[in-house]
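K.L.:
Below is a structure I'd like to ask you about.
Bear in mind these aren't lab numbers, they're just calculated from the coordinates by the rules spelled out. For clarity, every value in this text was computed on a predicted model and none was experimentally measured. Neighbour counts are summed over all protein chains in view; Cβ atoms, including those assigned to glycine, are modelled from backbone coordinates with ideal geometry.
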Amino acid sequence: MTKYPSKLMRIGDITEWLNVSESAIYKWVKEERFPKPIKFGDDNTKRMSARWMREDIEKWLEEKRTRSMFE
């Protein structure tokens, strides 16, 4: 039986879910404070598309929640 990955999310889905801006997400990714996206497309022509796995974001949220409980 093949295990399929969780839903791939667009940046707009994530910003709406977390109530943050796109620039905040990309800044966190650059600072390695948020899961990296999966990139699709041709980097040479700058026609790229980024998607995140929902389970990676859920794990990130759980880690943040757990950490804040002990700080």
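K.L.:
What is the distance, in nm, between label points placed 7 Å from the Cα along the Cα-to-Cβ direction at residue 63 and at residue 47?
P.N.:
For residue 63 paired with residue 47, the spin-label model returns 3.4 nm.
K.L.:
Could you run the Karplus curve 6.51 cos²θ - 1.76 cosθ + 1.60 with θ = phi - 60° over segment 53-59 and give me ³J(HN,Hα) per residue in whole Hz, x for Gly and Pro?
P.N.:
7, 4, 5, 5, 6, 4, 5
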